[in-house]
Amino acid sequence: MSVVGPAGFVAAGVACGIKPTGDPDLALVVAAEAAVTAAAFTTNRAAAAPVVVSRRHRAAAPRSRAVVVNSGCANAGTGPRGLEDARTMAEATAEAVGCAPEEVLVCSTGPIGAYLPIEAVRAGIAAAAEVLGDDEEAGDAAARAIMTTDTVPKTTVVEADGFVVGGMAKGAGMVRPDMATMLAVLTTDAVVDDEVLAEAFTGAVDRSFHALDLDGCPSTNDAVILLASGASGHRPSPLELAGAVTTAAVHLVEQLAADAEGAERVVVMEITGAADDVEAREAGRAMADSALVRAAFHGGDPNWGRLLGALGATSIDFEPERFSVWFEGVQVAAEGRPAEFDEAALVERLAEGDFELRVDLGVGTGRAVVFTTDLTPDYVRFNAERS
């Protein structure tokens, strides 16, 4: 059901001609009424035109009615024409669903440095508005229409006590904390105030999308958007809402990691003993950004020296003499020294596929979880061949 799982939302996905393959490339998510909204966008300084326009719309309108997403063209590096095209997408969507352009958030994903075929996009928006629905087929169509190099759609529905959270996401490469070529739209039918939604959203993003690092490269087009319709009539506690939104976001992140370009295994890194939670996440990023570390992950090698080296090259506060590491619960380093363990048995276990590891920095109580993948020949080949 994805984004249409919660009451008060409809969605659609159509092919409008952006992708030469003829695959679906335009999605709409529409709320029955203006929805309480929270959003986060890329930190990349070369932000794409749709990001610029959506930021302006968030500043101009406290509520949002619709999200329009195209795939197959990032509309980034496109100058004034790109901005005009992003505004046209908002205006066409507003006309189709009956709201102000400022109540529309615009997202694009695909290759950078190409212009949108804006008339085809405009026609696609009108066509999508004609087939909006709240059933599973409509939700799946929207999720498929935002895919680029993804091999499967990513969707989630979390049924909480009295309300529902749904979502869809896309992204398989250029994915790093602070997001990356990664888009996600979350919806809920909870009754919620702006401040409570913003707090739940921020916490969920920090624990999910900001904890995902596939290749250390933030994109120009990242966006995560959360819309709350209030259609359930139920007002959950802030803790209940935060828990459900975080669960949905983490579920999407797990799917993003599993479908990463060329990846063969997902690695979940828990960082403990940091000075604070921020430092813990930075430590996770440093390890996930290391080609040597991720190459070792591909080989199923519990090489804790590469983890130590990646951390030692940063300004993160940690004690090498108190540094400890566990792969799949097996301690391989203790207080900065090798630990005794059955290496053959551990290597055999790591060869099975996905695994977890824990790194303790030995300086405090900060903790974070970071999701990443191995670095494979297929990843290099894919990105070398892709324009």
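The listed residues are Ala143, Ala190, Ala184, and the only one of them that is among the small types (Gly, Ala, Ser), within 17 Å of Ala249 (Cβ to Cβ), in contact with a Phe, Trp or Tyr (Cβ under 6 Å, 6 or more places away or on another chain) and crowded, with 21+ Cβ neighbours inside 10 Å turns out to be Ala190.
Among the candidates Ala74, Ala27, single out the residue that is assigned by TED's automatic domain parsing to the domain that holds Val191, of a type in the set (A, V, I, L, M), modelled with pLDDT under 95 and buried (at least 24 other Cβ atoms within 10 Å of the Cβ). Show your work before the answer.
Numbers: Ala27 fails: modelled with pLDDT under 95.
Matching residue, one of Ala74, Ala27: Ala74.
Screening Val363 with (1) at pLDDT below 95; (2) assigned to a loop (DSSP other than H, G, I, E, B) gives one miss only, at (1). Of all residues assigned to segment 40-57, none qualifies as being in contact (Cβ under 8 Å) with a residue 24 or more places away in the chain and more than 22 Å from the chain's Cα centre (by Cα). Out of Gly329, Gly300, one residue alone is at positive phi, modelled with pLDDT of 95 or more and either surrounded by 15 or more Cβ atoms within 10 Å (Cβ to Cβ) or under 28 Å from the mean Cα position of the chain (by Cα) (or both). It is Gly329.
Taking Val363 as the residue in question, decide whether it is β-branched (Val, Ile, Thr), free of Cβ contacts under 8 Å to residues at least 24 places away in the same chain and not assigned by TED's automatic domain parsing to the domain that holds Leu252. When the stated conditions are applied, Val363 does not pass them. Do you know which residues across segment 332-359 are surrounded by 13 or more Cβ atoms within 10 Å (Cβ to Cβ) and either on the phi > 0 side of the Ramachandran plot or assigned to a strand (DSSP E or B) (or both)? Val332, Ala333, Ala334, Glu335, Gly336, Phe355, Glu356, Leu357, Arg358, Val359 - these are the residues of segment 332-359 that are surrounded by 13 or more Cβ atoms within 10 Å (Cβ to Cβ) and either on the phi > 0 side of the Ramachandran plot or assigned to a strand (DSSP E or B) (or both). Look at Arg281 and say whether it is under 15 Å from Gly203 (Cα atoms) and crowded, with 22+ Cβ neighbours inside 10 Å. Against the criterion (under 15 Å from Gly203 (Cα atoms) and crowded, with 22+ Cβ neighbours inside 10 Å), Arg281 qualifies. Report whether or not Val152 is under 30 Å from Gly262 (Cα atoms), in the same structural domain as Val245 (by TED's automatic domain parsing) and either among the small types (Gly, Ala, Ser) or not in a loop (DSSP other than H, G, I, E, B) (or both). When the stated conditions are applied, Val152 does not pass them.
In the list Gly230, Gly167, which residue meets the criterion of being at pLDDT 95 or above and part of a loop (DSSP other than H, G, I, E, B)?
Result: Gly230 is the single residue among Gly230, Gly167 that is at pLDDT 95 or above and part of a loop (DSSP other than H, G, I, E, B).
Just checking, does segment 285-294 include any residue being touching a Leu at 6+ places or on another chain (Cβ under 9 Å), farther than 29 Å from Ala40 by Cα, of a type in the set (S, T, N, Q) and not in a helix (DSSP H, G or I)? No; the residues of segment 285-294 include none that is touching a Leu at 6+ places or on another chain (Cβ under 9 Å), farther than 29 Å from Ala40 by Cα, of a type in the set (S, T, N, Q) and not in a helix (DSSP H, G or I).
The values are calculated or read from the model by the stated rules, or taken from the named source; none is laboratory data. Since the structure is predicted, the reported quantities are computational estimates derived from the model, not experimental observations. Positions of Cβ are backbone-derived with ideal geometry, glycine not excepted, and every protein chain shown enters the neighbour counts.
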